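Structure record follows, encoded as structure tokens.
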Amino acid sequence: MNFQNKSIIINLVLFIIFFAAAAAATILIYTSLARTNTNLLKPFFPKTYFSVANPPSESLVGQIATLSGSVAWESRTSNIAVTITAPQKIQQGEELDTLANGKATIDFKNAVSISVDPNSQVGIIQTLPANLVFDQKQGLVTYTKEGDLPISVRTFDLLTNVDGSAIFSNDPKTFEVEVTVSSGSAKAAYDDLNYNTHVVTVEKGHRFLFNNNTKRGETLSL
């Protein structure tokens with residue numbers, strides 16, 4: 001290597017070292033100033049409009065219309081369900097649980113009526129008019145569509161769109177799901193073990209059985 005090439009390499013290394021030192025000094029000074037002036041950090045942390053305490057203003061608010069026996073309600077901001085004894089509102093991000101002798105009905109006006117049997121858990125995932133989504137963790141629950149808004153129910157890894165009335169049963173011990181269509185129809189969607197997506201239409205008078213472990217489903221007549 002000749003003297004000229006060596007000189008170029010040395011100058012390049014010195015430039016990189018100088019640039020890195022200058023960048024580190026700038027960050028150090030900026031961070032120090034940010035401790036006393038929080039406005040400096042605002043461009044790096046865009047304002048978010050999501051609120052854990054408050055659901056989106058467009059979301060529909062439902063009503064726990066009737067209840068009997070032991071019924072519990074879990075708010076958006078708590079992981080602990082509390083016993084309730086009187087009708088009250090329920091909204092996106094909340095959950096309703098029934099114990100061994102508990103029953104309840106939930107109404108979202110002009111959208112869906114939900115009948116919750118004993119030993120059931122229903123999470124209100126989304127109530128935006130674009131699509132109402134419920135997460136049934138366990139139990140026996142009937143969903144009856146009462147308007148034009150899309151109604152979807154998640155039971156483990158099965159997602160079902162209800163266009164009528166359907167009874168959902170799922171057990172977290174066996175991870176089995178049963179969807180019985182009483183009126184109208186339902187579309188059940190799931191991925192198999194090879195990540196292939198399946199969409200099955202279940203008509204009135206039929207039931208769809210799904211095993212969440214094997215990711216297999218079948219439609220049977222009542």
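The values are calculated or read from the model by the stated rules, or taken from the named source; none is laboratory data. All values derive from a computational prediction rather than experimental measurement. Using ideal geometry, Cβ is built from the backbone for each residue, glycine included, and neighbour counts are taken over all protein chains shown.
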Only one of Leu193, Leu159, Leu149 is at pLDDT 95 or above, within 21 Å of the chain's Cα centre (by Cα) and not in a strand (DSSP E or B). Can you tell me which? Leu149
In the set Asp107, Asp148, Asp157, Asp97, which member is over 21 Å from Leu209 (Cβ atoms) and either touching a Phe, Trp or Tyr at 6+ places or on another chain (Cβ under 9 Å) or among the basic types (Lys, Arg) (or both)? Asp97
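Please determine whether any residue of segment 112-126 is part of a loop (DSSP other than H, G, I, E, B) and at pLDDT below 95. Even if it seems obvious, please write down each step before you answer.
Taking segment 112-126 and keeping what is part of a loop (DSSP other than H, G, I, E, B), we get 117-119.
Adding the requirement that they be at pLDDT below 95 leaves none.
No, there is no match, as no residue in segment 112-126 is part of a loop (DSSP other than H, G, I, E, B) and at pLDDT below 95.
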In the set Phe134, Phe156, Phe208, the lone residue that is in contact with a strand residue (DSSP E or B) (Cβ under 7 Å, 6 or more places away or on another chain), at positive phi and buried (at least 20 other Cβ atoms within 10 Å of the Cβ) is Phe156
Test for Lys109: is it over 18 Å from the mean Cα position of the chain (by Cα), basic (Lys, Arg) and within 15 Å of Phe168 (Cβ to Cβ): no
